[in-house]
1. Can Ala170 be described as touching a Leu at 6+ places or on another chain (Cβ under 6 Å) and aliphatic (A, V, I, L, M)?
2. Write out, first by first residue and then by second, each pair whose Cβ atoms fall under 6 Å of each other, whose residues are 6+ apart or on separate chains, and whose first residue, in the range 170-181, is under 9 Å from Leu204 (Cβ atoms) while the second is open to solvent by 50 Å² or more (accessible area, probe 1.4 Å).
3. Out of all the residues in the range 181-212, which are within 12 Å of the ligand (Cβ to nearest atom), under 15 Å from the mean Cα position of the chain (by Cα) and not in a loop (DSSP other than H, G, I, E, B)?
4. Count, please, the residues in the range 111-152 that happen to be among the charged types (D, E, K, R), within 13 Å of the ligand (Cβ to nearest atom) and surrounded by fewer than 18 Cβ atoms within 10 Å (Cβ to Cβ).
5. List the pairs whose first member sits in the range 29-50 and is more than 17 Å from Gly75 (Cβ to Cβ), whose second member is open to solvent by less than 10 Å² (accessible area, probe 1.4 Å) and in a loop (DSSP other than H, G, I, E, B), and whose Cβ atoms are under 6 Å apart, counting only residues at least 6 apart or on separate chains?
6. Can you find even one residue in the range 80-99 that is surrounded by 22 or more Cβ atoms within 10 Å (Cβ to Cβ), of a type outside the set (Asp, Glu), within 12 Å of the ligand (Cβ to nearest atom) and over 17 Å from Ala212 (Cα atoms)?
7. Name the pairs: first residue in the range 209-220 and farther than 30 Å from Val100 by Cα, second residue open to solvent by less than 10 Å² (accessible area, probe 1.4 Å), Cβ to Cβ under 7 Å, at least 6 apart or on different chains?
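The values are calculated or read from the model by the stated rules, or taken from the named source; none is laboratory data. Everything quoted here is computed from the prediction, not taken from an experiment. Here the Cβ is made from the backbone with ideal geometry for all residues, glycine too, and neighbour counts use every protein chain on show. For the accessible areas, the whole protein counts, side chains as well, though only heavy atoms, and no ligand, DNA or RNA atoms are used. Shrake-Rupley method; radii C 1.70, N 1.55, O 1.52, S 1.80 Å.
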Amino acid sequence: MVSTAPPSTPVDGVDGGVGVTALLVAAARAIETHRDDSLAQDVYAEHFVRAAPASAGWPLRVEDAPDEDRNPLWGRFARYFGLRTRVLDDFLLRAAHTGVRQVVLLGAGLDARAFRLHWPAGCVIFEVDRAEVLAFKHRVLTGLSVTAKAARVPLSIDLRADWGPSLADAGFDPAVPSVWLAEGLLFYLPSAVETHLIDTVDRLSCAGSALAFEAKLEKDLLEYRDSPLYLSTKHQIGIDLLHLFSKEPRPDSAGDLAGKGWSTSVHTPFEFTRRHGRGPLPEPNDALEGNRWVFANKP
Ligand code: SAM
């Protein structure tokens, strides 16, 4: 069961806890943006990195990182996030161009898709994250005086609570198709919260809806505790991802969706690296080995 009680762990913005991971991804997107062979453009990302004390001194270009592309964090891992951004940009825009007008970004963090992608007229983008993360995002975007390219509805929600009613109160309509995204989110959540999230997405999705999410399939995340990605993230910027990830056995969310009648496909990121001609490829002791990008459609 998911409790509707306030969370007992301390709530934080982007200065610590899981919130700081939103800054990590923003920094990776800034680096991707400045690459000559960039896979995705996010001109807002570097403003978030510059604005937060927690990311003071982080590089905004790969040339500014020690060892540049050979740096496991700012080279390979950042490229992973760049590839993920591109693949999920394409996924969302594909849904929008086939007529879906409601977009729900779960654990949106510093995702600036509402500002940087060209949405068809009539799209509304719900950005769900915790209040402190959205407050920081609002502060930075307000300072930039930018206008979203779609109607944008930031929603302060802790996904550990029963969040479906808040989405409905904010204008989400379950009777029309929607496209959902859980990018870099599920492995931070307790297993029961993930199950509740998937159930809620299913319940609020009519035929024609779509969902993409990222999962980690490793049975034991700690097996990769000394992988270059985890170690360099911890040592260079003090983020211990393994500490932030839930250690509970994960639900089979792709299987659960298939059981509810969704059609699903599960891909490694490396498939997209090959498709785009750039991005991470497998390596020994690879923290990305269990990562999967799951795409689901409700017929
Ligand atoms: N999806 C964004 C992206 O890819 O840029 C952000 C990813 S960041 C790694 C994880 C995000 O999930 C953070 O912004 C964090 O605040 C959010 N998050 C984690 N647990 C959450 C919860 N219980 N409720 C709402 N948001 C949560």
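1. yes
2. none
3. Leu181, Ala182, Leu186, Phe187, Tyr188, Glu194, Leu197, Ala212
4. 1
5. Listed pairs, sorted by first residue: Asp42/Ala112; Tyr44/Ala112; Phe48/Leu110.
6. Checked against the condition, which is being surrounded by 22 or more Cβ atoms within 10 Å (Cβ to Cβ), of a type outside the set (Asp, Glu), within 12 Å of the ligand (Cβ to nearest atom) and over 17 Å from Ala212 (Cα atoms), the range 80-99 yields no hits at all.
7. Sorted first by the residue in the range 209-220, then by its partner, the pairs are Glu218/Gly290.
Every residue, every condition in (1) at pLDDT 95 or above; (2) touching a Lys or Arg at 6+ places or on another chain (Cβ under 8 Å); (3) open to solvent by 10 Å² or more (accessible area, probe 1.4 Å), yes or no:
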residue: Pro7; (1), (2), (3): no, yes, yes
residue: Val14; (1), (2), (3): no, no, no
residue: Arg29; (1), (2), (3): yes, no, yes
residue: Glu32; (1), (2), (3): yes, yes, no
residue: Asp36; (1), (2), (3): yes, no, yes
residue: Asp42; (1), (2), (3): yes, yes, no
residue: Ala45; (1), (2), (3): yes, yes, no
residue: Trp58; (1), (2), (3): yes, no, yes
residue: Glu63; (1), (2), (3): yes, no, yes
